[in-house]
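What follows is a set of notes on a single structure, which appears directly below.
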Ligand SMILES: [Mn+2]
């Protein structure tokens, strides 16, 4: 089973995430932030991952710690579920349109954490969450997933659409990158022989 359950508790947040890479898109997500739930649901539904997320964060402060820590734990879940990364496609990219918006995400489960996020937001907030936090979400995810993640909104007007298209593109890219390619058998997909 390529799956993982990760619990993380700090004085700021308490988070538990279960992920099955070879799922069917079943999801049960509650973070206390409706818009974050909406985005994580897209990862499950469009990545065909089974995903359970429970988060209790210091929302009386703001959304920052909850968004950040959910991203960190989600990245850890991908890292753990992928194990030694043998046989996976490793690199993938996807475009996702949503009405007037077009988003692009490329991922590489390279073992080398890096994130580049290029989005021109229209407003300072979307769904009660500062739009700048989405860049932080992708960066935090990249660190613990030990992946290179490039995310870009090519154009669009509506910030809800921009965020949603980004997460749909992330989901599709993660699905393809984490799939096993039978031609690789059990080889690590790196000329170094390890990731
Ligand atoms: Mn929506």
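Listing for the model above:
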quantity	calculated
Qualifying residue in the stretch 30-39 (condition: within 16 Å of the ligand (Cβ to nearest atom), buried (at least 16 other Cβ atoms within 10 Å of the Cβ) and part of a loop (DSSP other than H, G, I, E, B))	yes
Where a residue in the stretch 160-185 is within 25 Å of residue 1 (Cα to Cα) and its partner, wherever it lies, is away from the ligand (no atom under 16 Å from the Cβ) and assigned to a helix (DSSP H, G or I), with Cβ under 7 Å and at least six apart	171/47; 172/47; 174/47; 175/47; 178/82
Among residues of the stretch 170-180, those that are farther than 18 Å from residue 133 by Cβ, within 16 Å of the ligand (Cβ to nearest atom) and either in contact with a strand residue (DSSP E or B) (Cβ under 6 Å, 6 or more places away or on another chain) or not in a helix (DSSP H, G or I) (or both), counted	0
Test: residue in the stretch 84-94 that is under 16 Å from residue 151 (Cβ atoms), within 15 Å of the ligand (Cβ to nearest atom) and in contact (Cβ under 8 Å) with a residue 24 or more places away in the chain	no
Residue among 115, 106, 94 that is part of a strand (DSSP E or B), crowded, with 21+ Cβ neighbours inside 10 Å and under 16 Å from the mean Cα position of the chain (by Cα)	94
All positions within the stretch 149-168 that are touching a helix residue (DSSP H, G or I) at 6+ places or on another chain (Cβ under 7 Å) and either surrounded by fewer than 19 Cβ atoms within 10 Å (Cβ to Cβ) or not in a helix (DSSP H, G or I) (or both)	149, 151, 153, 156
Residue match in the stretch 123-134 (condition: away from the ligand (no atom under 16 Å from the Cβ) and surrounded by 18 or more Cβ atoms within 10 Å (Cβ to Cβ))	yes
Filtered residues of the stretch 40-57 (kept if within 12 Å of the ligand (Cβ to nearest atom) and either buried (at least 20 other Cβ atoms within 10 Å of the Cβ) or modelled with pLDDT under 95 (or both))	42
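Listed here are the residues, each with its yes/no results for (1) over 13 Å from the mean Cα position of the chain (by Cα); (2) under 16 Å from residue 35 (Cβ atoms).
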position	(1), (2)
140	no, no
151	no, no
156	yes, no
162	yes, yes
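The values are calculated or read from the model by the stated rules, or taken from the named source; none is laboratory data. Values in this document were obtained by computation on a predicted structure and should not be read as measured data. Methodologically, a virtual Cβ is constructed for each residue, glycine included, from the backbone with ideal geometry; neighbour enumeration extends over all protein chains shown.
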